[in-house]
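The values are calculated or read from the model by the stated rules, or taken from the named source; none is laboratory data. Remember, predicted model here, so these are calculated numbers, not experimental data. Cβ coordinates were reconstructed from backbone atoms using ideal geometry, including for glycine residues, and neighbour counts include every protein chain displayed.
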Amino acid sequence: MIDIQQNNAPEAAPGSLITRDGQIEWAGVLFGPGTPYQVDRKGVTGWDDLPGLDTGDVARPDQHGAWPGARWAKPRTVSATVWLLPPTREEARATMRGLRSATTPDGGEKWLAVRLHGETLACRARVSRRVVPQDRTYVLQGAAKAEVQWVATDPRRFGVRERRATARLPQPEDGLAWAPDPVTGDGGLGWPLDWGTTGSTGAVTAVNSGEAAAHPVLEFRGPLRRPELTRLSDGLRLRYDIALAASDVLTVDTRSGTVVLNGTASRLYTATARSAPEQLFRLEPGATALVFRSADTTPSPDASVTVRWRDAHW
C-alpha cells in the first residue's frame, strides 16, 4: 500500500514533511525524491520567477516616458511535471488516487512548500490544473507524466518558521535599595547592590529577514484600555478604542484587515481616527522598531502585544 502521507487533521506547518532538497509538499502529500511522485528533470517553473506586475504609470503627454506609479505583483503561477511511479503495478491505483485526492479544485488555499539548496519556502495556493495522459505506459504499468499547476493569489513566498516578538506596557524600575545601617540607623547602600527588578520600555523589534514586506498578525492581551502599537520609522500606528479584560485577546490581521475579539466578534469599528488602515501596517525587510502603549493610568504588567509574522520573499 502506498503511503501518500496525507493529513486530514488541522493544517500542519508548511514544509513539515520535507526532508531533502528537490521535494515539494502540497496538501499533506510529498512530491520528489523518496516518493512515488518524482519531479521531472525540468523541475518546477514559476517558483523563483518574479511575478507579473501591475503598474500605475501614466504616460507623459508632452515628452518621452511616463510618470512612475505604484507597482503591485500579480498572482504567482507555479507548475511542476511529476512522474507517477508506483513501486509495483498493483499499487498504481493507490498512487493515482493519492494524486487525485491531493489535487482537487475544492476548498481554499493551502500551503505549497518547496525546498531548494537547503532553503524551504512556502506560499498559499490552489490547484488550477492537472493533466494525466492515459497512454499505453499508464494503462500497463501505472506510470504517467503528469502536469500540475498551482496559483497563489498572494505571490509572496514565506519562511516556514513563524516568528514572534512580545512587548509589555512600560513599567518603572525599582532602582537601588537604600538600606539603613543596622547599628547607627543611617541610610546607605548595602553590598551587593540591589538594583531592583528590570522595568519594561514597551518597545520591541521585529526582524523580517526576507526581501518583501510582511503583514504581521497582532495579538493584544488584557487587561488594558485603548491598545496602541506604533511603527517608529514613520509614526504609523494602530489604535483601538476598546477595553480588554485579563482573559480577552484582540487579534489584528494586517493582511486581511480584520480586527477580532476572542476569535469570534469583529471589532474593526473600534479603530480610532488616529489609527491607520490595517493593510498599511507592514514589516519592511530588515528590522522594524515598534512601541506598545495604552491609555491606562497604571499599566498592568500582564498586558502585552504579540507580533507574529513570517519572513517574506519574492
Residue by residue through the stretch 69-78, note down the ones that are part of a strand (DSSP E or B) and free of Cβ contacts under 8 Å to residues at least 40 places away in the same chain.
Arg71, Trp72
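For the stretch 79-161, give me every one of the strands (runs of 3 or more DSSP E) that falls completely inside it and has 1 or more residues that are free of Cβ contacts under 8 Å to residues at least 24 places away in the same chain.
Once the strands (runs of 3 or more DSSP E) in the stretch 79-161 are filtered for at least 1 residues that are free of Cβ contacts under 8 Å to residues at least 24 places away in the same chain, what remains is 119-131.
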Quick one: is Trp26 surrounded by 12 or more Cβ atoms within 10 Å (Cβ to Cβ) and among the aromatic types (Phe, Trp, Tyr)?
yes
Can you tell me which of Pro51, Pro36, Pro61 is under 22 Å from the mean Cα position of the chain (by Cα) and not acidic (Asp, Glu)?
Pro51
Could you check how many residues of the stretch 38-71 are among the aromatic types (Phe, Trp, Tyr) and surrounded by 12 or more Cβ atoms within 10 Å (Cβ to Cβ)?
1
Taking Ala246 as meeting all but one of (1) surrounded by 18 or more Cβ atoms within 10 Å (Cβ to Cβ); (2) of a type outside the set (S, T, N, Q); (3) in a loop (DSSP other than H, G, I, E, B), write down the number of the exception.
(1)
Return yes when Val307 is without any contact (Cβ under 8 Å) to a residue 40 or more places away in the chain and either closer than 20 Å to Pro170 by Cα or in contact with a Gly (Cβ under 7 Å, 6 or more places away or on another chain) (or both) and no when it is not.
no
Being among the hydroxyl-bearing types (Ser, Thr, Tyr), over 20 Å from Ala212 (Cα atoms) and either modelled with pLDDT of 90 or more or out of contact with any His (no Cβ under 7 Å at 6 or more places or on another chain) (or both) is the requirement here; does Thr81 meet it?
yes
When (1) without any contact (Cβ under 8 Å) to a residue 40 or more places away in the chain; (2) of a type outside the set (S, T, N, Q); (3) under 28 Å from Ser16 (Cβ atoms) are applied to Ala66, the one that fails is (3)
Which of the residues belonging to the stretch 235-256 are closer than 14 Å to Leu283 by Cα and more than 23 Å from the chain's Cα centre (by Cα)?
Gly235
Enumerate the pairs (first residue in the stretch 261-280 and assigned by TED's automatic domain parsing to the domain that holds Val305 and under 14 Å from Leu244 (Cβ atoms); second residue anywhere and of a type in the set (A, V, I, L, M) and in a loop (DSSP other than H, G, I, E, B)) with beta-carbon separation below 8 Å, excluding pairs fewer than 6 apart on the same chain, so at least 6 apart or on different chains.
Leu261/Ile242; Arg267/Ile242; Thr270/Ile242
For Val82, all conditions in the list (1) under 23 Å from Arg20 (Cβ atoms); (2) touching a helix residue (DSSP H, G or I) at 6+ places or on another chain (Cβ under 7 Å) hold save one; what is the number of the exception?
(2)
Quick one: count up the residues across the stretch 38-63 that are in contact (Cβ under 8 Å) with a residue 40 or more places away in the chain and not acidic (Asp, Glu).
6
Looking at (1) closer than 23 Å to Glu211 by Cβ; (2) buried (at least 16 other Cβ atoms within 10 Å of the Cβ); (3) under 16 Å from the mean Cα position of the chain (by Cα), find the lone condition where Gln279 falls short.
(2)
